[in-house]
Amino acid sequence: MDNELQSISGTVDAVIYQNEDNGYAVIRVIAEDGEEVTAVGTLPQICLGEELMLTGHWVTHASYGEQFHTEYFERRMPATVKGIADYLSSGIIKGIGPKLARRIADHFGEETFDVMTNEPDRLTAISGITARKAESIGEQFRHQTSMRRLMEFLMENQLPPQLAARLYKRYKESAIDHVLENPYLLCGEEFEVDFKLADDLALSQGMSQTCPERLRAGILYTLQFNLTNGHTFIPRNKLLATASRLLQDADGFEPEAELLDEAFAQLQDSGRLVCEHICRRDAVYLNPMHQAEVDVADGLMALSDREYTYEFDLSALLDTLEQNSSITYAPRQRQAIEWAAKYGLVILTGGPGTGKTTTVRGMLDFFDAIGLEVVLAAPTGRAAKRLSELCGREAKTIHRLLEAGYRGIDSFTAFARNRDNPLDCDVVILDEVSMIDIVLMQSLMDALREGTRLILVGDADQLPPVGPGNFLRDCIGSGRIHTVELNEIFRQAQQSAIVCNAHAINQGEMPVSGGRDGDFFIMKQRSAAEVMSTVVDLCRRRLPDYYGFSPEQIQVLTPSRRQAAGTTQLNRMLQEALNPPDAAKPEKRYGDTVFRLGDRVMQVRNNYDIVWEKQDDPAEEGTGMFNGDVGRIVGISLPEESMLIQFDDKLAHYSFDMLNELELAYAMTVHKSQGSEFEAVIVALPNGIGRRLLTRNILYTAITRAKKLLVLVGDPAVTETMVHTNTRNRRYSALRARLIRGLKPPEQLELEE
């Protein structure tokens, strides 16, 4: 390889490969001397016919031979009639094929691009181009030109090229001007760029280290970042100290406290921040987060205060329903059903095998008997499906229940169901409540009409939500809401070592293997390599051969993504073992991931625009796939650049540019598994996992995902650490305090908080 930088000028003759997500491309260039050159590198939105000057060095690829590795490049729009025709026929503009491209280039010659930019109406001089089509061509061409400049600008400044679409949608042709005027707008919730990247750009443009824009952005970014750690607020002293460290530079510069205080005051005055003395702290919130917490607390207290009376004998009706169902409820189950009948808000909590589902069915029997309309909901598609199967009636995700969609130019999530268009029901029963963050809860409560009852069902010992707040534990801990905890393990559940070990772990006791015919096994392997090898063998051979589980019924769980035996490594190995390459199986590489026909995949973000149809009834359609939905690739069309993915009974089409929303799902993190239940679960726990992930509630959550079989593969010392680490990451949330405030006088509040 020759590392000396060289330059090559030529015309793009073919685009062999192009990754729209990161701009990487492989192209064939006809150099000025007529030589064919294969060039690779970050070359965003390259098209046929473009004239390039590439600067880089020659490399020799083991499979593809000599290539020119591009470090940077300059592009010139084609100036010849042939070059213009080639460019327009590349497919960059919908509605222009090779024949029409040639006619346009022949007619307008070197003026073609100027006409398309500034006078697109002149295109109507070409046969077959209507005024409407001419307008569309001009709009597309201006969009492509702006997007190309924007992509180049982002890459020149080491900013993620994926930002281009969102920036253009928000600011159109003036996107670059807006970013240069205030690079810190990139750090906001809308774009979520790391502060350091935006800061580097700002400082390179000559912005002062102490300018108000920089200081305000540092404070806001610190708060925004900490939402991902589950905090709804940050104490003022901690916030400013953390922001000050963020604003330090390599030379040790640190903004003066007075300047930070001034920036903080400006943010308060503008309404971006809310500062409130609560929990004996000066708590600082982003305005929407403060509003969410206040709204949820107010709504919960109003619901909890609501009581219902009946003209009939409630106890006698419950006796009759109990006899009809041939079930004898335990005292706490009976109490939960009675409270659901009497109060506007009830929490039902408990671990596996304690009868939560039976109790919910009893509540449904009661509400059906008195003619109330009940809806069932859960945070994820898998949890909703499980709830539906257990209760024998439809359950929806919260997003689908609230009719989620994108609204407005910024494509923020909005719900059609709200206080102006509330849910048409008398009772909402919400399962897996431990997963729900404060913002989603605000949206749900906003959609409850006056008089609607709310029943919250969940296991408070599972992991807290990924988003901000600690909703279920705060509600229970407040003592403000009628709560029934089921703690009796029923006889049938006592036969399951999965259930017994889950409860043992919750009590700080080590799990034990069951007998040969049991449902819980521990396999001691210490290193990541040994663990991964064992996991693969279990999935491919041992569990299918000895227990009859198909690979589709087995789910591998691990605490981490990229650490020892994380999902990244496990998915790669499991894909190779369970769905290896085959000439009959088309595949698509996207970044570091290969998606192959037959792969198990997971949707990793909410997308309300994905269209799906029912597998057994194509006429039944809907929209929306949600974070955590798991499916299987059942079709890949390389010519059409699309995939067909089956999610349970739904079929959804994905274009290749949507693959950043998917990841392989042979293995998933414990956090991602919340709300789901699998026939067989393998938990991988090798040495090398970060201590932050070695906690009791992560192990407990993993084990409670298994329905029929649980295999724990790992180092016993890791398991022991998790069992005995009952510390929970501190979350700053004042929901509990607000609920207590509604129950007790202020002087008691200060003592208990």
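The values are calculated or read from the model by the stated rules, or taken from the named source; none is laboratory data. All figures in this text were calculated on a predicted structure; none of them were measured in a lab. Every residue, glycine as well, gets a Cβ built from its backbone with ideal geometry; the counts of neighbours run over all protein chains shown. Please note that ligands, DNA and RNA were not included when accessible areas were found on the heavy atoms of the full protein model with its side chains. Shrake-Rupley method; radii C 1.70, N 1.55, O 1.52, S 1.80 Å.
Among 146, 127, 136, 174, which is among the hydroxyl-bearing types (Ser, Thr, Tyr), loosely packed, with under 15 Cβ neighbours inside 10 Å and in a helix (DSSP H, G or I)?
On the way: 146 fails: loosely packed, with under 15 Cβ neighbours inside 10 Å; 127 fails: in a helix (DSSP H, G or I); 136 fails: loosely packed, with under 15 Cβ neighbours inside 10 Å.
Only one candidate qualifies: 174.
The single residue among 262, 192 that is in contact with a Leu (Cβ under 9 Å, 6 or more places away or on another chain) and on the phi > 0 side of the Ramachandran plot turns out to be 192.
If you go through the stretch 59-115 and keep only what is among the aromatic types (Phe, Trp, Tyr) and in a strand (DSSP E or B), you end up with 68, 72, 73.
Taking the conditions exactly as written (hydrophobic (A, V, I, L, M, F, W, C), outside any loop (DSSP other than H, G, I, E, B) and either buried (at least 22 other Cβ atoms within 10 Å of the Cβ) or at pLDDT 95 or above (or both)), does residue 659 satisfy them or not?
Working: hydrophobic (A, V, I, L, M, F, W, C): yes; outside any loop (DSSP other than H, G, I, E, B): yes; either buried (at least 22 other Cβ atoms within 10 Å of the Cβ) or at pLDDT 95 or above (or both): no.
It is false that residue 659 is hydrophobic (A, V, I, L, M, F, W, C), outside any loop (DSSP other than H, G, I, E, B) and either buried (at least 22 other Cβ atoms within 10 Å of the Cβ) or at pLDDT 95 or above (or both).
None of 180, 159, 185 is out of contact with any Cys (no Cβ under 9 Å at 6 or more places or on another chain), in a loop (DSSP other than H, G, I, E, B), closer than 21 Å to residue 217 by Cα and of a type outside the set (Gly, Ala, Ser) except 159.
Take residue 687 and tell me if it is assigned to a loop (DSSP other than H, G, I, E, B) and not charged (D, E, K, R). For residue 687, the condition - assigned to a loop (DSSP other than H, G, I, E, B) and not charged (D, E, K, R) - is met. Taking the conditions exactly as written (of a type in the set (D, E, K, R), in a helix (DSSP H, G or I) and open to solvent by 30 Å² or more (accessible area, probe 1.4 Å)), does residue 541 satisfy them or not? It is true that residue 541 is of a type in the set (D, E, K, R), in a helix (DSSP H, G or I) and open to solvent by 30 Å² or more (accessible area, probe 1.4 Å).
The stretch 198-301 holds helices (runs of 4 or more DSSP H) entirely within its bounds, and those carrying 3 or more residues that are more than 25 Å from residue 183 (Cβ to Cβ) map to 236-246. Out of the residues in the stretch 694-717 meeting the condition of being open to solvent by 20 Å² or more (accessible area, probe 1.4 Å) and in a strand (DSSP E or B), tell me which one is farthest from residue 670 (Cα to Cα). It comes out as 708.
Inside the stretch 436-460, residues that are in contact with a helix residue (DSSP H, G or I) (Cβ under 9 Å, 6 or more places away or on another chain) and part of a loop (DSSP other than H, G, I, E, B) make up a count of 7.
In the stretch 642-662, the residues that are at positive phi reach residues that are part of a helix (DSSP H, G or I) with C-beta atoms within less than 9 angstrom, at least six apart or across chains, in these pairs: 648/381; 648/382; 648/385. Here the stretch 418-435 is the region considered, the condition is being assigned to a loop (DSSP other than H, G, I, E, B) and surrounded by fewer than 23 Cβ atoms within 10 Å (Cβ to Cβ), and the residue that is farthest from the chain's Cα centre (by Cα) is 426.
Taking the conditions exactly as written (farther than 30 Å from residue 199 by Cα, modelled with pLDDT of 90 or more, under 43 Å from the mean Cα position of the chain (by Cα) and not small (Gly, Ala, Ser)), does residue 102 satisfy them or not? Give the steps one after another, and end with the answer.
Numbers: farther than 30 Å from residue 199 by Cα: yes; modelled with pLDDT of 90 or more: yes; under 43 Å from the mean Cα position of the chain (by Cα): no; not small (Gly, Ala, Ser): yes.
No; evaluated as a whole, the condition is false for this residue.
Contact annotation: residue pairs with Cβ atoms under 6 Å, 6 or more positions apart or on different chains, pairing a residue in the stretch 334-351 that is more than 13 Å from residue 453 (Cα to Cα) with a partner that is of a type in the set (Asp, Glu) and open to solvent by 40 Å² or more (accessible area, probe 1.4 Å), are 349/485; 350/485.
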